[in-house]
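Undergrad: Can you read through this structure? Questions will come right after.
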Amino acid sequence: MTRVWAGLVLAGLLSGCVPAPLRAQPDALLQLRVTPAAPPVQPVTGEQGLYRWPGPGALLVASDRAAFVTSVVLPQGAGAAVLPAAQLTPGTAQPTELPATLGFTQVFTVASLEPLDLGGAAGARSVREISRVVEAAAASLPRGAYTVATTTYRTEQFGTLSVRASQPGAQVRVNDRPVGTAPVVVPDLPQGQVTVSVSLGGYQTFTQRVTIRPDTTSEVEAALRRVTGTLSVRSDVPASVLIEGQVAGDTPVDLNLRPGVFAVNVVPTDRTLKAQNILVRVNASRVTALVCSVTAGEYGCGVR
């Protein structure tokens, strides 16, 4: 599974496992809107909801009614932080400053018509612990007097990738996504491993796993090799071989050639035997065998 899909799946699991007390309440008397204050980074590898460390900085919180609001931040692998409570003015987006986090982060923003004490959620290590605190705090409120908005994002450190190729015009892909023509510099890649592939018609595709490190440029030098096939010429009598009129050597001969059709001349050292002129197709990544022999005094060649 690629990192893009892994991130989306994890985010989906996180939101799907939220207990009822931490979801938007269907009978709530107030409407809550929460959005990150900064847009996410859009890396070429396609991750969604991804921010550069230390994160989006703040949430913009708005309600259609005067309300009290508290946000609980649950970072990946760490204890929850309860942010200072604030009062909302209807229709006005108020910023709530977020702490720096690394990895996946969930923020539960609780808005209520009366103040709620959520201090007991500080240090909580799971969504269920936070849910129990919210449920207990809201138990005394009238029906519909609170609601919750969940914000999920991922924060990473970023690096840069530089790709050069031995042939101009080669197409570069990162995690199977096109990023340009070599030489190319790809900024804003989240740290971790990516797969780089470099391709050009007539050449074998170059593939390499690369580790992206924070604030560092990782370099790839793609040495492209031509796609070739092998022409093997054998003769039961000594003979010289010419390819397209150029001397290739004496039998036995094994030649790596680009795919295509070639004029092959096989000239026996014994001049009483007739030289053979043959068109031979060489296929990519395959061995084409041309075998020559004397049968009943006649010299001949055939492709096998």
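The values are calculated or read from the model by the stated rules, or taken from the named source; none is laboratory data. Just so it is clear, the model here is predicted, and its values are computed rather than measured. As a convention, Cβ positions derive from the backbone with ideal geometry for all residues, glycine included, and neighbour counts pool all protein chains shown. Just so you know, the surface numbers come from the protein's heavy atoms only, side chains and all, with ligands and any DNA or RNA stripped out. Shrake-Rupley method; radii C 1.70, N 1.55, O 1.52, S 1.80 Å.
Undergrad: Mind listing whichever residues of segment 45-57 are part of a loop (DSSP other than H, G, I, E, B) and surrounded by fewer than 19 Cβ atoms within 10 Å (Cβ to Cβ)?
TA: Selection gives Gly46, Gln48, Gly49, Trp53, Pro54, Gly57.
Undergrad: Restrict the check to segment 224-233 and report whether at least one residue is farther than 19 Å from Arg281 by Cα and either out of contact with any His (no Cβ under 9 Å at 6 or more places or on another chain) or not charged (D, E, K, R) (or both).
TA: So far as segment 224-233 goes, yes, one or more of its residues are farther than 19 Å from Arg281 by Cα and either out of contact with any His (no Cβ under 9 Å at 6 or more places or on another chain) or not charged (D, E, K, R) (or both).
Undergrad: In addition: Quick check, is Thr216 open to solvent by less than 30 Å² (accessible area, probe 1.4 Å), among the hydroxyl-bearing types (Ser, Thr, Tyr) and within 50 Å of the chain's Cα centre (by Cα)?
TA: It is false that Thr216 is open to solvent by less than 30 Å² (accessible area, probe 1.4 Å), among the hydroxyl-bearing types (Ser, Thr, Tyr) and within 50 Å of the chain's Cα centre (by Cα).
Undergrad: Continuing with the same structure: I'd like the full set of residues that are closer than 21 Å to Val294 by Cα, open to solvent by 50 Å² or more (accessible area, probe 1.4 Å) and touching a residue at least 24 places away in the same chain (Cβ under 8 Å), limited to segment 225-252.
TA: Arg234, Asp236, Pro238
To keep it simple, each residue is scored yes or no on (1) of a type outside the set (S, T, N, Q); (2) within 28 Å of Val18 (Cβ to Cβ).
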residue	(1), (2)
Val134	yes, yes
Phe158	yes, no
Gly169	yes, no
Val184	yes, no
Gln208	no, no
Ala222	yes, no
Arg226	yes, no
Arg234	yes, no
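Undergrad: Can you tell me which of (1) without any contact (Cβ under 8 Å) to a residue 60 or more places away in the chain; (2) of a type outside the set (D, E, K, R); (3) open to solvent by less than 10 Å² (accessible area, probe 1.4 Å) is the one Ile130 doesn't meet?
TA: If we test Ile130 against (1) without any contact (Cβ under 8 Å) to a residue 60 or more places away in the chain; (2) of a type outside the set (D, E, K, R); (3) open to solvent by less than 10 Å² (accessible area, probe 1.4 Å), just (1) comes out false.
Undergrad: Working only within segment 115-168, note down all residues that are modelled with pLDDT under 95 and at positive phi.
TA: None; the set is empty.
Undergrad: Also, quick follow-up: Answer with yes or no whether Ser218 is touching a residue at least 24 places away in the same chain (Cβ under 8 Å) and within 30 Å of Pro187 (Cα to Cα).
TA: When the stated conditions are applied, Ser218 passes them.
Undergrad: Do we find a residue being among the acidic types (Asp, Glu) and modelled with pLDDT of 95 or more anywhere in segment 51-73?
TA: Checking segment 51-73: at least one residue is among the acidic types (Asp, Glu) and modelled with pLDDT of 95 or more.
Undergrad: Which one of these does Gln76 not meet: (1) of a type in the set (S, T, N, Q); (2) open to solvent by less than 50 Å² (accessible area, probe 1.4 Å); (3) farther than 30 Å from Val184 by Cβ?
TA: Gln76 satisfies all of (1) of a type in the set (S, T, N, Q); (2) open to solvent by less than 50 Å² (accessible area, probe 1.4 Å); (3) farther than 30 Å from Val184 by Cβ except (2).
Undergrad: Another question, then. Restricting attention to segment 107-127, does a residue exist that is closer than 21 Å to Arg154 by Cβ, open to solvent by 10 Å² or more (accessible area, probe 1.4 Å) and part of a loop (DSSP other than H, G, I, E, B)?
TA: yes
Undergrad: So which residues in segment 72-93 are small (Gly, Ala, Ser) and touching a Leu at 6+ places or on another chain (Cβ under 7 Å), if there are any at all?
TA: Ala80, Ala93
Undergrad: Within segment 133-176, how many residues are buried (at least 16 other Cβ atoms within 10 Å of the Cβ) and either touching a residue at least 60 places away in the same chain (Cβ under 8 Å) or over 30 Å from Val198 (Cα atoms) (or both)?
TA: The number of residues fulfilling the criteria is 20.
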